[in-house]
Each structure stands twice: as structure tokens, then as C-alpha cells.
Amino acid sequence: MSMRVMSIASGSSGNCIYVGTDHTHLLIDAGISCKKVNEGLKELGLTGEDITGVLVTHEHADHIGGLGVFLRKYKTPVYTAEETIRQIYGYKNIGKLPEGCFHPIEAGGKFSVGDIDVESLPISHDAARPLAYRMDCGSSSAAVVTDLGYYDQTLVEHLQGLDAILLEANHDLRMLEVGPYPYYLKQRIAGSHGHLSNEASGQFLNELLHDRMKKVLLGHISKENNMAALALETVRTEIEMSSSSWHADDFSIEPAGRDRASEIIYI
């Protein structure tokens, strides 16, 4: 069974990623408007009515900003941690939500939505119970891993054998240091509950590469503290500098747009 992956939007202004099969259609986060979600889904020949479920990573506005409108329109089931659900209900702009739309999941647990097996992976971020997600269907697998201050060996082990990944490459350390953000925010972003730098993203990716990896999308690229070309160059350099036998040209690696859909990735 094959899967399709497409980044509809990825960045601090809004996040929404599609992963699906012929029978099951998932969104990871809904941090953009319902209109923009549907504009992205149109590229796949889908609408919001076709979405089987929404997997929420955490409760920050750039990940749930459009969730309320989407749920009121489509009554789609939402899967996320119990702690995140409580935070979503407390989000001032969420509005009234349909009864019974939330389905609590265990952090670090596994569940299925249609023909897709989902594994939720705990990550380090300044949110109630932030999660990354791995999705498998038959021999096809993809993951969405953003908004984490660091990665550990447990996360590496659970992300082996992927066909495609959207991986955070949030900031360039030097741009962050000299950039316009106040000191406390710079500390938060660079800290253990913040975001992965370009260098850390490349080092993380080195531990996930294998000869069947088909596509890497670099996501959540900061508008103020990074550039897409710089993120790509730095990640590629980390691969070239590693002790493995891989070269950057062995893999298709591209930045995901903040406000534009990526190509459709078939795996």
C-alpha cells in the first residue's frame, strides 16, 4: 500500500502536513485557515470533507490556529495527548468545538486510523505534551518531527527505516544570536525545550538515513533566524562531514515552504 505526503504549510506562521493513502487521509496539525487547508488539499484532489483525522502535535497557535473552524465545518476526529486537549479547550481563539471530536492518545503509544498505523513519539518542547508522529501503511512509512529542543537515542530508534520525513531545521545559530529577538526568546529557541538548529537537524538526519530514504523535507524554517537555502546547505554539509558513507546527493532534500504547498511525495 502506497502513501502520499505533502507539506501544506510549515513555519511559525502556521503548520499543516498531509499524510494519506487511497483510503485514509490525515492532517498533522491545523495551524492555518480552513481556506488554506482546502487550497492545499485541492492539489491532492481532496477537500476537508475527505480528511479522516487530525493529529495534533501540541497546542501552540501555529499548530492549532485553524483547528476550531475546521472542526466546526467537518466534525473531523482529532487525536492528541490528553494534556494537549485540555490546553486546546483553554485556547482563547478556538471557539466552540463539536462534542466528541477529541480522542486522547498515549504519548509513546500506537493506534490506527483507517489503514494507517500511527506511533506518537514524545519530544522536548515548551508545551503540555508535545508529540512527533510516525505513520506506517504496509511497507511505506513517513514521519513529521518538528518543535523539539533536542533529540535522543530513543527518538532515533523509533524513526528508523522511514521513506520520507519532514524534519525541523528551525534556525541558524549565528542568525539567531545577532537577530532582532529579545534575549529571553533567543534562549528559549536555542534551549532544550525550543527548536532544532540547522546543524542539529543535519546531525539528527545522519542517524536516520538509509539507502531507501526517498524524501527529506526541512520544516519549520524561521523567517527571522534562518533562510531556506542556508538550512539546506547546512544540513547537506552535516551529511558530507559525517563519518558515514552517505553523501548529500544520495538523497532528495528540500526545504518546505512556510506558506506554499510542497510537491506531492509518493512513497
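The values are calculated or read from the model by the stated rules, or taken from the named source; none is laboratory data. No experiment lies behind these values; they were computed from the predicted model shown. Cβ coordinates were reconstructed from backbone atoms using ideal geometry, including for glycine residues, and neighbour counts include every protein chain displayed. Ligands, DNA and RNA are stripped out before the accessible areas are found, and what is left, the full protein with its side chains, is counted by its heavy atoms. Shrake-Rupley method; radii C 1.70, N 1.55, O 1.52, S 1.80 Å.
List the aspartates and glutamates whose alpha-carbon lies under 13 Å from that of Lys110, not counting same-chain residues fewer than 8 positions away? Within the straight-line limit of under 13 Å, Lys110 reaches these aspartates and glutamates: Glu119, Asp136. Of the residues Tyr150, Tyr91, ranked by 1.4 Å probe accessible area with the largest first, the sequence reads Tyr150, Tyr91. Listed values for segment 141-154 are Karplus-derived 3J(HN,Hα) couplings in whole Hz (6.51 cos²θ - 1.76 cosθ + 1.60, θ = phi - 60°), namely 8, 8, 9, 10, 9, 9, 6, 9, x, 7, 10, 10, 5, 4, and x replaces Gly and Pro. Residue-wise HN-Hα couplings along segment 91-105, as the Karplus relation 6.51 cos²θ - 1.76 cosθ + 1.60 with θ = phi - 60° gives them from phi, are 6, 5, 9, 6, x, 6, 10, x, 5, x, 7, 8, 10, x, 10 Hz; Gly and Pro carry x. Across segment 40-55, rounded Karplus estimates of 3J(HN,Hα) from the backbone phi angles (6.51 cos²θ - 1.76 cosθ + 1.60, θ = phi - 60°) give x, 5, 4, 4, 9, x, 10, 10, x, 5, 7, 6, 7, x, 10, 9 Hz, Gly and Pro being marked x. Take every pair of alpha-carbon atoms less than 8 Å apart whose residues are at least six positions apart; their mean separation over the length of the chain yields a relative contact order of 20 percent. Distance from the C-alpha centroid of segment 4-53 to that of segment 139-179: 20 Å, rounded to the whole angstrom.
Counting every pair of alpha carbons in segment 1-123, the share spaced more than 25 Å apart comes to 15 percent.
Here the chain exposes an accessible surface that is 49 percent carbon and sulfur, computed with a 1.4 Å probe and the other protein chains kept in place. Taken along the Cα-to-beta-carbon direction at a fixed 7 Å, the label points for Lys223 and Glu207 span 3.2 nm. Taking the convex hull of the alpha carbon positions in segment 105-179 and averaging its projected area over all directions gives 6.0 nm².
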